[in-house]
1. Report those strands (runs of 3 or more DSSP E) wholly inside region B:1-80 carrying at least 1 residues which are within 14 Å of chain A (Cβ to nearest Cβ), within 30 Å of residue A:107 (Cβ to Cβ) and touching a Leu at 6+ places or on another chain (Cβ under 6 Å).
2. Taking the criterion of being out of contact with any helix residue (DSSP H, G or I) (no Cβ under 9 Å at 6 or more places or on another chain), touching a residue at least 60 places away in the same chain (Cβ under 8 Å) and under 14 Å from residue A:23 (Cα atoms), would at least one residue in region A:70-89 satisfy it?
3. When region B:1-17 is examined, which residues are found to be out of contact with any Gly (no Cβ under 7 Å at 6 or more places or on another chain), under 14 Å from residue B:72 (Cβ atoms) and surrounded by 13 or more Cβ atoms within 10 Å (Cβ to Cβ)?
4. Restricting to region A:26-46, count the residues that are touching a strand residue (DSSP E or B) at 6+ places or on another chain (Cβ under 6 Å) and among the hydrophobic types (A, V, I, L, M, F, W, C).
5. Quick one: count up the residues across region A:72-101 that are at pLDDT 95 or above and either among the basic types (Lys, Arg) or assigned to a loop (DSSP other than H, G, I, E, B) (or both).
6. Do you know which residues across region A:72-94 are more than 10 Å from chain B (Cβ to nearest Cβ), more than 23 Å from residue B:40 (Cβ to Cβ) and over 13 Å from the mean Cα position of the chain (by Cα)?
7. Which count do you get for residues in region B:84-105 that are crowded, with 22+ Cβ neighbours inside 10 Å, assigned to a loop (DSSP other than H, G, I, E, B) and either among the small types (Gly, Ala, Ser) or away from chain A (no Cβ under 11 Å) (or both)?
8. How about region A:18-46: which of its residues are within 11 Å of chain B (Cβ to nearest Cβ) and either touching a Ser or Thr at 6+ places or on another chain (Cβ under 6 Å) or over 11 Å from residue A:91 (Cα atoms) (or both)?
Amino acid sequence: GENVEQHPSTLSVQEGDSAVIKCTYSDSASNYFPWYKQELGKRPQLIIDIRSNVGEKKDQRIAVTLNKTAKHFSLHITETQPEDSAVYFCAAGGGSYIPTFGRGTSLIVHP
Amino acid sequence: NAGVTQTPKFQVLKTGQSMTLQCAQDMNHEYMSWYRQDPGMGLRLIHYSVGAGITDQGEVPNGYNVSRSTTEDFPLRLLSAAPSQTSVYFCASTQNGAHEQYFGPGTRLTVT
């Protein structure tokens, strides 16, 4: 089955800095790579996703990149704000519609 | 739409007790799944269903049962609770042909 590794487990940045979270996956058949944000005490919610026919996707301050050859993808957050503080999960999936999640990254943005 | 709902929000059980965590969705989604979330372990798949009457095991199915008699409901049963099942449980649903998962608010379960 699919195996997703996520790094770092904790990321601490100053407000205004950029943050990068990296994930690798094992199954070359995976073609869908979502990112979920989970605020403290809340449910995970999709913030951005990318499919295997696209190398990069942006949405305001967040962007995802995908390197299918190397089987890794990354989340980039620019101009971080305190409200970006949360746990971020990457995931990889394909035809089963049930993705495999990474272990999560706790992002802390210091004002 | 209420989306995905879960009950109860909190539950404390004694070792050996059984209970059912309820999950319902009103979006007519075909796919439903149960995850447990433990610190540093991410979201681990317990069981999932691709439609009414069809269920399958995920990564950590031991000690849990599921059934899917209707499209809307996907209950998770703990047969004989153990302290290792202390966790936060999330139910999620996905529309057939799409990939985004919609999560419920979660159930925090403590087994003493």
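1. Numbers: elements: B:4-7, B:10-13, B:19-25, B:31-38, B:42-51, B:54-57, B:64-66, B:76-78.
Once the strands (runs of 3 or more DSSP E) in region B:1-80 are filtered for at least 1 residues that are within 14 Å of chain A (Cβ to nearest Cβ), within 30 Å of residue A:107 (Cβ to Cβ) and touching a Leu at 6+ places or on another chain (Cβ under 6 Å), what remains is B:31-38.
2. Yes, there is a match, as at least one residue in region A:70-89 is out of contact with any helix residue (DSSP H, G or I) (no Cβ under 9 Å at 6 or more places or on another chain), touching a residue at least 60 places away in the same chain (Cβ under 8 Å) and under 14 Å from residue A:23 (Cα atoms).
3. Hits for region B:1-17 are B:3, B:7.
4. Within region A:26-46, residues that are touching a strand residue (DSSP E or B) at 6+ places or on another chain (Cβ under 6 Å) and among the hydrophobic types (A, V, I, L, M, F, W, C) number 3.
5. Summing the residues that are at pLDDT 95 or above and either among the basic types (Lys, Arg) or assigned to a loop (DSSP other than H, G, I, E, B) (or both) in region A:72-101 gives 5.
6. The answer is A:78, A:79, A:81, A:82, A:83.
7. So the answer is 1.
8. Hits for region A:18-46 are A:31, A:38, A:41, A:42, A:43, A:44, A:45.
The values are calculated or read from the model by the stated rules, or taken from the named source; none is laboratory data. Since this is a predicted model, take the numbers as computed values, not measurements. Here Cβ is always computed from backbone atoms with ideal geometry, including for glycine, and neighbour counts include all displayed protein chains.
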